[in-house]
1. For the chain, what does -39500 (n - 2.57) per DSSP helix run (n ≥ 4), summed and divided by total residues, give at 222 nm, in deg cm²/dmol to the nearest 500?
2. State the Cα centre-to-centre distance between segment 2-79 and segment 106-130 in whole Å.
3. So what are the ³J(HN,Hα) numbers for segment 119-130, from phi and the Karplus equation (6.51, -1.76, 1.60; θ = phi - 60°), rounded to whole Hz, Gly and Pro as x?
4. Hand me the chymotrypsin sites (Phe, Trp or Tyr not before Pro) from segment 1-102 located in a DSSP loop with no more than 15 other Cβ atoms within 10 Å, in residue order please.
5. I'd like the FRET efficiency for residue 85 and residue 30, computed as 1/(1 + (r/R0)^6) with the beta carbon distance as r and R0 of 22 Å, rounded to 0.05.
6. Once you have all Cα-Cα distances for the chain, histogram them in 10 Å bins from zero and send the whole-percent values.
7. Only sites in a loop by DSSP and with at most 12 other Cβ atoms within 10 Å count here; which trypsin sites (Lys or Arg not before Pro) in segment 44-111 make the cut?
8. Set the Förster radius R0 to 25 Å, insert the Cβ-Cβ distance between residue 138 and residue 110 as r into 1/(1 + (r/R0)^6), and round the FRET efficiency to 0.05.
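Just so you know, all these numbers are worked out from the coordinates, no wet-lab data involved. Since the model is a prediction, treat every value here as computed from it, not as a measurement. Neighbour counts are summed over all protein chains in view; Cβ atoms, including those assigned to glycine, are modelled from backbone coordinates with ideal geometry.
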Amino acid sequence: MGMPEDVRRLFTDDYDEYVFGPPCSEAEVEQAEAALGEPLPPHLRELYLAFNGFTGCTGAAFLWPLFGELSLVVTNQLYRGDGVFPQAITSGCLFFGDNGCRQLWAFKRDAPGRVVRWNLSWPDAVEDAGDSPLAAWAAEKQIYDELASEGEE
């Protein structure tokens with residue numbers, strides 16, 4: 001089993017509707033890499049070749065599509081090119097999704113193989129979120145699942 005299958009399995013249940021985009025082609029991934037000026041980390045490449053974006057808990061874009069208004073390419077270009085965002089963070093990260101509550105997930109270039117979480121209100125700090133997007137998303141899902149079970153009591 002690869003990570004895409006593990007993601008689909010984790011985010012398939014009877015209560016929530018999770019939406020997975022159609023697979024990207026190799027050419028689309030290469031086009032995104034050219035637009036960003038860097039290769040996608042292997043985990044992201046594998047995910048995009050399986051599905052172009054995915055909606056997680058509460059309808060948040062856990063994995064942004066490659067292209068479009070709220071996408072991997074456009075969002076990273078905006079964060080890197082706009083002086084509003086702290087360049088110490090945004091220039092060293094490749095952001096790929098968010099939890100819908102101002103927290104974004106990224107691969108940080110100086111921390112290979114690690115996913116970080118960055119809150120838009122943290123000017124110059126990130127925190128470790130695991131060794132893969134799946135690990136970060138599973139932790140986020142657990143928070144939502146616990147909140148949902150508390151609400152049922």
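1. Working: 6 runs with 62 residues, N = 153.
When only DSSP H runs of four or more count, the value is -12000 deg cm²/dmol.
2. Centre-to-centre distance over Cα atoms comes out at 18 Å.
3. 8, 4, 8, 8, x, 8, 9, 10, 10, 5, 10, x
4. Values: sites: 11, 15, 18, 20, 48, 51, 54, 62, 67, 79, 95, 96; in loops: 11, 15, 18, 51, 67.
Those satisfying the criteria are 15.
5. Values: r = 26 Å, r/R0 = 1.20.
Efficiency at R0 = 22 Å is approximately 0.25.
6. Per 10 Å bin, starting at zero, the Cα-Cα P(r) for the chain comes out as 11, 43, 35, 10, 1, 0 percent.
7. Details: sites: 45, 80, 102, 108, 109; in loops: 102, 109.
Passing both the DSSP loop test and the Cβ count: 102, 109.
8. Details: r = 24 Å, r/R0 = 0.97.
My answer for the efficiency is 0.55.
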